[in-house]
Amino acid sequence: MAKRTIVAMPGDGIGKNVLKESIRILDAVGFEANYVHGDIGWEFWCKEGNPLPDRTLKLLEEHKIGLFGAITSKPKDKAEAELAPELKGKGYVYYSPIVAMRQKYDLDICMRPCKTFKGNTLNFIRRGPNNTIEEPVIDTMIFRQNTEGLYCGVEWTNPPDQVYDALMTHKKFKENFAWCPRPELAVSTRIFTKKYTTRIVKAAFEYAKTKGLKTVTVCEKPNVIRETSGMMLKIAQEMSKNEYPDIKIQDTNIDAQMMWLTKNPEEYGVIVASNMFGDIASDAFAGLIGGLGFACSAQFSSNGVAVFEPTHGSAPKYAGYTVSIVNPIAMIESACMMLDYLEEKKISSKIRKAVAEVIAEGKVRTYDMMKMAGRPEVVKNGAASTSQMTDAIIARLK
């Protein structure tokens, strides 16, 4: 079989550190691939006015599979301030390159697994009956709609006439916001479509069916956000009734769900949510399994493009350390999700087993696993560096 070609997009900050380690793991386990570098991130915004250059898009169009590290995003005023002097005032507007990539390639299905590692000192614990201590085993898959909702990018400050006039036709807007001078008004839209809402709900049901799970939880806010959240809930209820009668729908509000996380997180096998609510829920669940150092994700389209990434940010202050201290496991687990997608499940299982064994043994732990503050001296104080954690996992592979 010819080697696959993977578009490796380190991005910003610690993305460069962790992506390199995941490729070391893939090489060590015997996964044969060519890796082509894809430019993405803040550096290219500052130099070129485009954080997602066309040359990177062409690579993804050709090779279809991407491994992505992390990006730095900053508010509008800071983005403008850091643009190269010769580009200022020429109409360049910063937009998150990973969001742009998702929308460009319809990467609408996002899967974010949150699973307990045995022996992880960061696992969530709670007090049980008779003052006992319980450590629930969490194994939740969150399906996040990835291209619509509040992250769709349709927004205005000082909306133009057509937009403002349209808003004024809505009774609630006219009653509650007509008083506001237009230059002081900012509007972000939350857009759902039946096509893509159906796709994410369908993906959640199919996963539940494959895993033998009996419940899919829709985590939204239909009692207040009636039209959009209401659409997702209605689609899920109809799908349960007509296509998956053995799988019931559970409806939770996003705010209440955050409370229930610390009461019974082990009871949620599959959650489906819109873009922002899925982002919130996945980060919250990640906190129960050790934090963003363990949070991976996969995103797919119907046209064959797929990108795999950890859900943590670029953490630029850590990227400047002489010795990298960040936890590479989220990136390594994201690479495992890529292997699953490529039907290389024996290889991904081998890596996951090695990761689990290193965590369970507890001899090699990064600073977050040791509950240390993220300072350069943590390696001297017994924490594993990024590369040392990778070395330990590779040793288990062998």
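The numbers here are math on the coordinates, done by the rules we state, and not lab data. Every value quoted in this text rests on a predicted model; they were computed, and no experiment measured them. Note that each Cβ is placed from the backbone with ideal geometry, even for glycine, and that neighbours are counted across all protein chains shown.
Per-structure values
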quantity	calculated
Potential lengthening between Lys248 and Glu43 on full extension [0.36 nm per residue; Cα-Cα distance subtracted]	69.1 nm
Segment Tyr164-Lys16, length gained on full extension (0.36 nm per residue, minus Cα span)	49.0 nm
Contact order relative to length of the chain, as percent, for alpha carbon pairs under 8 angstrom and 6 or more apart	22
Cα pair distances in the stretch 211-287, grouped into 10 Å bins until the bin that holds the longest one, percent each	19, 52, 28, 1
10 °C / 1.306 mPa s Stokes-Einstein diffusion coefficient of the stretch 244-358, Kirkwood radius on C-alpha pairs, µm²/s	97
Segment Lys317-Ala84, extension gain: residue separation times 0.36 nm, minus the distance between their alpha carbons	81.7 nm
Given charges at Cβ of Lys, Arg, Asp, Glu: the stretch 314-375 dipole, positive-most of Pro328, Leu339, Met372	Met372
Directionally averaged projected area (convex hull, Cα atoms, the chain), nm²	23.3
Dipole magnitude of the stretch 209-320, debye to nearest 20 (Cβ charges: Lys/Arg +1, Asp/Glu -1, about Cα centre)	100
Within the chain, helix-based [θ] at 222 nm, where runs of 4 or more DSSP H residues each add -39,500 (n - 2.57), nearest 500	-12500 deg cm²/dmol
Pairwise FRET efficiency - Arg396 versus Asn34, Cβ, R0 = 25 Å, nearest 0.05	0.45
Amide N proximity, the stretch 102-136 versus Leu342 label position 7 Å along Cα-to-Cβ, cut-off under 19 Å	111
For the chain, size of Cβ-based charge dipole, Lys and Arg +1, Asp and Glu -1, in debye	620
Dipole of the stretch 1-137 [Lys/Arg +1, Asp/Glu -1 at C-beta], most positive-end residue of Met9, Pro51, Tyr92	Met9
Cα-projected label distance for Glu175 with Glu267, points at 7 Å along beta-carbon direction, nm	3.6
Pairs beyond 24 Å (Cα-Cα), from Lys241/Lys346; Lys174/Lys194; Lys194/Lys221; Lys16/Lys90; Lys115/Lys209	Lys241/Lys346; Lys174/Lys194; Lys16/Lys90
Leading residue at positive end of dipole, the stretch 31-168 (Cβ point charges), from Leu167, Pro113, Ala79	Pro113
Volume of the Cα convex hull of the stretch 1-127, divided per residue and given in Å³	173
Mean Cα-pair separation over length for the stretch 201-278, i.e. relative contact order, pairs under 8 Å, 6 or more apart, %	44
Nitroxide proxy distance, nm - points 7 Å out along Cα→Cβ at Met259 and Val154	3.3
Förster radius 56 Å - calculated FRET efficiency between Glu206 and Lys363 (Cβ-Cβ, nearest 0.05)	0.90
Qualifying trypsin sites (Lys or Arg not before Pro) in the stretch 103-205, DSSP loop, other Cβ atoms within 10 Å at most 14	Lys118
